[in-house]
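Trainee: Let me begin by handing over the structure; questions about it come next.
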Amino acid sequence: MKRMIIAACVAALMVCLAAAGLISGKAQAEKQNINRAEVRDQFVPGRVLVRFREDILPAHARNVIAALGARDAGEIRGIRVHILDLPDQADESGFAQAMAQRPEVEFAELDRLVAPADMTPNDPWYVDQWHLRKIGGPTAWSTTTGSSNVIIAILDTGVDGTHPDLSSRMVPGWNVYNRNIDTSDVGGHGTAVAGTAAASSNNADGVASVAWGCKIMPIRVTDLSGYATFSDLASGLQWAADHGARVANLSFNASDSSTVRSAAQYFQNKGGVVAVAAGNQGTFNSAPDNPYVLTVSASDANDVLASFSNTGNNVDLAAPGTNIRTTARGGGYVSTAGTSVAAPIVAGVAALVMSANPSLTPTQVQDILKQSADDLGAAGWDPSYGWGRVNAARAVALASGGGSADTTAPTVSFSAPAGGAIVSGAITVGVTASDNVGVTSVSLTIDGASLGTDSASPYVFQWDTTTAANGAHTLIATATDAVGNLASCSIGVTVSNSVPPSDTTPPTATISSPSGGAIISGSVSVYATVADNLGVIRNELYVDGVLVSSSTASPFTTKWNARKAKSGSHVLQCKAYDAAGNSGISQLVNVYK
């Protein structure tokens, strides 16, 4: 454990994709040859994750990828996420932004590296496992200690399956990172997480756990230093879902990844619940809630939020996360802290709920955990504790009929505009929502992009349709009640803002810097003067004919990561677009590295 924690603090570490047979193509190739020193800003260099819209044909997607000079290195089947290898000279962030703006693309993001949400232990071992009594474990166990039919997948550094408190709990797993069946623990982190959720108990030896009648499925997703990529986490979730896991634990700060969100949705559609650590940086995460996971913050023995715990809009529950005694790699035990051990406590309670009532859907299990939690902090949901600190006793009681869980979703509809309406200019979008208990918020998206959230009736949103292209658009309103039940409705409208039919004048674009013949290195800012009779809406930068970045706001400066470019001559050119779809290209500028 100590070696793993020290290793997890090392900056700029490498993790590459291993797909356990779930990734097609050559995404695994050359993984071992990437130098960790090349990892910058904690993402895999030269890689972008892209998901095309469902109505885009595979052939068209391949043409788009090829036209931009990228290579489709593989696809995570089941969630349609492509793993793109970028041209040597491409800037990863700029390329991802440019891809995300294309009409065929649902999302594009960097394949970020995420560190284990763990803390360096700074307290002595405690014989008393205070956290189990705090969450009402003994009362819950009087109903169920967990069913052996409920398997908890631990996506982590692997698990020490020879540990005396874990060996009888194990089922076969998979090593996503190396694409083999060796799931032994390479850092110790996974063994601590597994023991927290489901170590053998009531055996007069070692430690107890939350769901000690359930099974453990080890899924190794990290490199030797304990870092995992979004793509490996997603591949691990898909493998676990396809091989019978009902609960999955990710002790990584990854709930705001679109790729992980897609894989968690896949896991939920297969009948499972996913718990994710909020992270230990002590920061606020402004990302919206991920409805397909339970994001968990950490609290102490006095139900006070741990100083290291992240907070944010995505937090669903809190759980004990300080001085947690659990299993250690090599057969021993350790006292540790972090949202890394808070998350598997929630995973364990979810497994107890499923064991008590196997007929519950994943959404119902999530709702039960939220409704039964001990409300801490501000009344109702808050960004520190979510819906409260998890309570196993009440959750199991609700699941087994000892209480009444609210699983009734709100009703939601549009009051304006009407479906099929033709709209223009600035309009007001009205939404009507109601619930048996009460609606807490209504959110609105336009073609999948958030327009905003309203928490008080009447629910109204202002939409300037002149910022959208003429044509068909989809509006989706989602209402959420006090325990997290969701309901959505959608309408289609047609935007028709007048564009002078005679406007066939293309924009003008001129690269002002760097100048022709310039010698460049590092990150290069390319300045272009662009103009149009109606206005420029986007400027793209091409290097040697390959798109590397784009800008949608004045002064339309674009970036080129020339560190990856080969020595010698390179050609720069910009391409500007106006609102009528006209485009204009700049002069060619030769530079040298």
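Laboratory data are not the source of any read-out in this text; all were calculated from the coordinates shown. Note that this is a predicted model, so its numbers are computed, not measured. Positions of Cβ are generated from backbone atoms using ideal geometry, with glycine treated the same way; all protein chains shown enter the neighbour counts.
Trainee: Looking at segment 308-401, which trypsin sites (Lys or Arg not before Pro) are DSSP coil and have at most 15 other C-beta atoms within 10 Å of their C-beta? Working shown, then result.
Mentor: Working: sites: ARG325, ARG329, LYS370, ARG389, ARG394; in loops: ARG329.
Counting only loop positions with at most 15 other Cβ atoms within 10 Å, none of the trypsin sites (Lys or Arg not before Pro) in segment 308-401 qualifies.
Trainee: How far apart, in nm, are the 7 Å Cα→Cβ label points at SER554 and ALA418?
Mentor: For SER554 paired with ALA418, the spin-label model returns 4.0 nm.
Trainee: Compute the FRET efficiency between HIS60 and LEU224 as 1/(1 + (r/R0)^6), taking r as their Cβ-Cβ distance and R0 = 41 Å, and round to the nearest 0.05. Show your work: numbers first, answer last.
Mentor: Values: r = 40 Å, r/R0 = 0.97.
Once the sixth-power term is evaluated, E becomes 0.55.
Trainee: At ILE519 and SER167, where each label point lies 7 Å from the Cα along Cα→Cβ, what is the point-to-point distance in nanometres?
Mentor: 6.6 nm
Trainee: Set the Förster distance to 51 Å, then compute FRET efficiency between ALA100 and THR411 from the Cβ-Cβ distance, nearest 0.05. Spell out each step's value before the answer.
Mentor: On the way: r = 33 Å, r/R0 = 0.65.
Working from the Cβ atoms, E equals 0.95.
Trainee: Quick one: how many lysine pairs in the chain have C-alpha atoms under 29 angstrom apart, if they're 8 or more apart or on different chains?
Mentor: Within the chain, the lysine pair count is 23.
Trainee: Separate question: Give, as ranges by residue number, the residues of segment 436-453 whose backbone N falls under 12 Å from the point 7 Å along Cα→Cβ of SER488.
Mentor: Answer for this model: 443-450.
Trainee: With label points built 7 Å along Cα→Cβ from the Cα atoms of ALA531 and ALA378, find their separation and express it in nm.
Mentor: 5.0 nm
Trainee: Just order 513-522, 76-85 by mean Cβ neighbour count inside 10 Å, highest at the front, would you?
Mentor: Details: 513-522: 12.0, 76-85: 22.7.
Highest-to-lowest ranking by the protection proxy: 76-85, 513-522.
Trainee: Roughly how tilted is helix 189-198, in degrees to the nearest 10 and between 0 and 90, from the longest Cα axis of the chain?
Mentor: Roughly 50 degrees, rounded to the nearest 10.
Trainee: With the contact rule set at Cα under 8 Å and sequence spacing of 6 or more, what percent relative contact order holds for the chain?
Mentor: 12 percent.
Trainee: As I understand it, the value is the acute angle between the Cα axis of helix 58-67 and the longest principal axis of the Cα atoms of the chain; what does it come to in degrees, rounded to 10?
Mentor: Approximately 60 degrees, to the nearest ten.
Trainee: Give the residues of segment 549-593 whose amide nitrogen is closer than 13 Å to a point set 7 Å from the Cα of ASP503 in the direction of its Cβ.
Mentor: Taking a point 7 Å out along Cα→Cβ of ASP503, the residues of segment 549-593 whose backbone N falls under 13 Å are 577-583.
Trainee: If you stretched the chain out fully between ASN582 and ASN313, how much longer would it get, using 0.36 nm times the residue separation minus the C-alpha to C-alpha distance?
Mentor: Details: separation 269, 0.36 × 269 = 96.84 nm, distance 4.03 nm.
Contour length minus Cα-Cα distance gives 92.8 nm.
Trainee: Based on Cβ point charges of +1 for Lys and Arg and -1 for Asp and Glu, what charge dipole magnitude is obtained for the chain about its Cα centre, in debye rounded to the nearest 20?
Mentor: Details: 36 positive and 47 negative charges, 244 e Å.
Around 1180 debye, computed over the chain.
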